[in-house]
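A short write-up of the structure that comes next.
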């Protein structure tokens, strides 16, 4: 793993040093331990533990309703875990009260939401340059030019003066990605970056993610179930299950597709779900619906 | 691989002395050393553009041999230098850049170095603006008339297909816009009656015309203020709610889904809402009027009026024609509130801001049209001697 420290890491002040939690693995930038999520009294995810390494592209996959976006929302501090901890670069967002310290933690990552989540009253350039003007103390020209280069990266520089309502859904999503990259954060969280994009644009997005990861060492945490994209970009995949409401597999996508002991996991990554007759409904090692797990060869969770 | 920029917290911009040109024929060479990031950008920006300003050279070569880190902030600087140089009619080249940084620069290089995308579109002149507004106004008028026609058609359809008419939905809307508005309309009506009596009592009392106060209060409340207050409250409370609700349905394609299923949104969504408001408006006006009259008594009691005396005065002053005239127009006001609220919702544009705009315009348009319609009713009643 590359040991390059980014300037914002170097710039760590003593004031927030107390937030550092001992025990974080050297190359772990995100550590999720014993995490459970609930809506009201209903537990939707339970007992999840994993870590994201620096400069890694981690994809969170799973069937519909398995809690991928819920997990992402907890990781970015939009929801408080029912149990467990989520540490971002050693800081626990759920226990950090609103204020300067929390704001500083939040600026370590950028988020690209599924719908783009652009501000409708601002044009595209203003959407991307907003954080630069708010937090980076740059004058208007500097911020605008940086924002424009980000838009060029996602192929939308020519739409800089357009309003979000004038863009297609896919274009809005790409602007959202440019906005997430605006401050060159250490981590970029993406919710379904490929969904709704045409195959060529989707491939270009994948290439952009790979380029940023390689050149700027940006860590990516991506929620996706686009298999083409997963196999192209993911260093590692976490697989969540609706049935089990937890993490059922973790590893390299090719490894999971070929060597997982769980038939459902193999089926998920091969994109070829066998019929329910081919696999018994529940309770056996070959279960699809029940996701029963055989003694693993290192890539399945018990 | 990018070097560790840990010890490179400042940027160094070097301009060889011999490269300062006065005639613009030579090439300005700028050497950038260190890491270009958001922390070092401001310093690098100032140094680089100082060098550019001092030089008359059209062309610039940036030597990136000692540049060991460059993120989005640095790319912004390079793009701005390229724009500045392009403005002079020259070219910028970056040389000796490591291949990884070169890739980063390549994917962010603008097709047009002058970056026209940063230029805001010109402001629309007053004539174009006037034309746009006129076009909009004509469009809105046509849409309003069109909706009125569709509503009449839908009402005719409902008469002949009573089992398909959404009575349950209509009653639910009536409950929402009518029943739930009763407390606030009663409060407002009572306060208006009280304030009217309170304000008119002293001046009329000076001329010994205290007996006229119930007449004034009741005539005002029964003929104008009661109905007007009720429908203005509906405009603020209901027209905006309809516009927001239907507008959200439009933005989320629910209206399109209805149309794609062969269901007419006017019959399915608009008709129940408009009928509910047309029914709610006169009922609320009755509450408002009644409480206004009671409010007037609350002041007159202090002037020695007994309740019987006050009621007698009211009965002398107000006729059934006044009451019916006041109530009748609220049905039309209800049509305005319901129709405009739904129309604005159905004509909502794209984006989240569009729903807010629709709600605002629904309220403003409803209030304006209610006041205009009230004026028309006033004139009509005068000539009809009502």
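Data table
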{"read-out": "Given (1) in contact (Cβ under 8 Å) with a residue 24 or more places away in the chain; (2) part of a helix (DSSP H, G or I), number of the condition residue B:149 does not satisfy", "value": "(1)"}
{"read-out": "Residue that is surrounded by fewer than 23 Cβ atoms within 10 Å (Cβ to Cβ), out of contact with any strand residue (DSSP E or B) (no Cβ under 8 Å at 6 or more places or on another chain), within 14 Å of chain A (Cβ to nearest Cβ) and not in a helix (DSSP H, G or I), where the choices are B:350, B:357", "value": "B:350"}
{"read-out": "Subset tally (residues that are free of Cβ contacts under 8 Å to residues at least 60 places away in the same chain and not in a helix (DSSP H, G or I)) for the range B:174-208", "value": "2"}
{"read-out": "Boolean, residue B:43 is outside the structural domain of residue B:361 (by TED's automatic domain parsing) and either farther than 27 Å from residue A:178 by Cβ or touching a strand residue (DSSP E or B) at 6+ places or on another chain (Cβ under 7 Å) (or both)", "value": "no"}
{"read-out": "Hits in the range A:57-80 - residues which are part of a loop (DSSP other than H, G, I, E, B) and surrounded by 21 or more Cβ atoms within 10 Å (Cβ to Cβ)", "value": "A:66, A:67"}
{"read-out": "Selection within the range B:70-108 - buried (at least 17 other Cβ atoms within 10 Å of the Cβ) and facing another protein chain (nearest Cβ under 7 Å)", "value": "B:71, B:72, B:73, B:75, B:76, B:79, B:80, B:104, B:107, B:108"}
{"read-out": "Subset of the range A:174-187 (residues that are more than 9 Å from chain B (Cβ to nearest Cβ) and over 15 Å from residue A:122 (Cα atoms))", "value": "A:174, A:177, A:180, A:185, A:186, A:187"}
{"read-out": "Conditions (1) under 28 Å from residue A:127 (Cβ atoms); (2) away from chain B (no Cβ under 14 Å); (3) part of a helix (DSSP H, G or I); (4) in contact (Cβ under 8 Å) with a residue 12 or more places away in the chain; number of the one not met by residue A:195", "value": "(3)"}
{"read-out": "Residues of the range A:223-242 classified as farther than 14 Å from residue A:256 by Cα and assigned to a strand (DSSP E or B), total", "value": "2"}
{"read-out": "Residue list for the range A:205-230, restricted to those being within 14 Å of chain B (Cβ to nearest Cβ), in contact (Cβ under 8 Å) with a residue 40 or more places away in the chain and under 22 Å from residue A:271 (Cα atoms)", "value": "A:205"}
{"read-out": "The range A:135-147, residues that are under 24 Å from the mean Cα position of the chain (by Cα) and either more than 7 Å from every other protein chain (Cβ to nearest Cβ) or modelled with pLDDT of 85 or more (or both)", "value": "A:135, A:146, A:147"}
{"read-out": "Filter pass, residue B:366 being within 19 Å of residue B:141 (Cβ to Cβ), within 14 Å of another protein chain (Cβ to nearest Cβ) and part of a helix (DSSP H, G or I)", "value": "no"}
{"read-out": "Residue list for the range A:123-134, filter: farther than 17 Å from residue B:75 by Cα and facing chain B (nearest Cβ under 10 Å)", "value": "A:123, A:124"}
{"read-out": "Those residues of the range A:111-134 which are part of a loop (DSSP other than H, G, I, E, B) and either under 11 Å from residue A:175 (Cβ atoms) or under 20 Å from the mean Cα position of the chain (by Cα) (or both), in sequence order", "value": "A:113, A:114, A:115, A:116, A:117, A:118, A:119, A:122, A:123"}
{"read-out": "Tabulated pairs, the range B:31-60, first without any contact (Cβ under 8 Å) to a residue 12 or more places away in the chain, second buried (at least 18 other Cβ atoms within 10 Å of the Cβ) and assigned to a helix (DSSP H, G or I), C-beta under 9 angstrom, 6+ apart or interchain", "value": "B:42/A:142"}
{"read-out": "Some residue of the range B:321-332 being closer than 24 Å to residue B:147 by Cβ and surrounded by 22 or more Cβ atoms within 10 Å (Cβ to Cβ)", "value": "yes"}
{"read-out": "Among (1) surrounded by fewer than 20 Cβ atoms within 10 Å (Cβ to Cβ); (2) in contact (Cβ under 8 Å) with a residue 40 or more places away in the chain; (3) not in a loop (DSSP other than H, G, I, E, B) - the single one residue A:155 does not satisfy", "value": "(3)"}
{"read-out": "Which listed residue, of B:47, B:54, is away from chain A (no Cβ under 14 Å) and surrounded by fewer than 18 Cβ atoms within 10 Å (Cβ to Cβ)", "value": "B:54"}
{"read-out": "Considering residues of the range A:158-170 that are assigned to a helix (DSSP H, G or I) and without any contact (Cβ under 8 Å) to a residue 12 or more places away in the chain only, the residue farthest from the other protein chains (Cβ to nearest Cβ)", "value": "A:166"}
{"read-out": "Check on residue B:187, at pLDDT 95 or above and closer than 30 Å to residue B:304 by Cβ", "value": "yes"}
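The values are calculated or read from the model by the stated rules, or taken from the named source; none is laboratory data. Quick caveat, the model's predicted, so the values are computed rather than measured. Note that we place each Cβ from the backbone using ideal geometry, even for glycine, and neighbour counts take in every protein chain shown.
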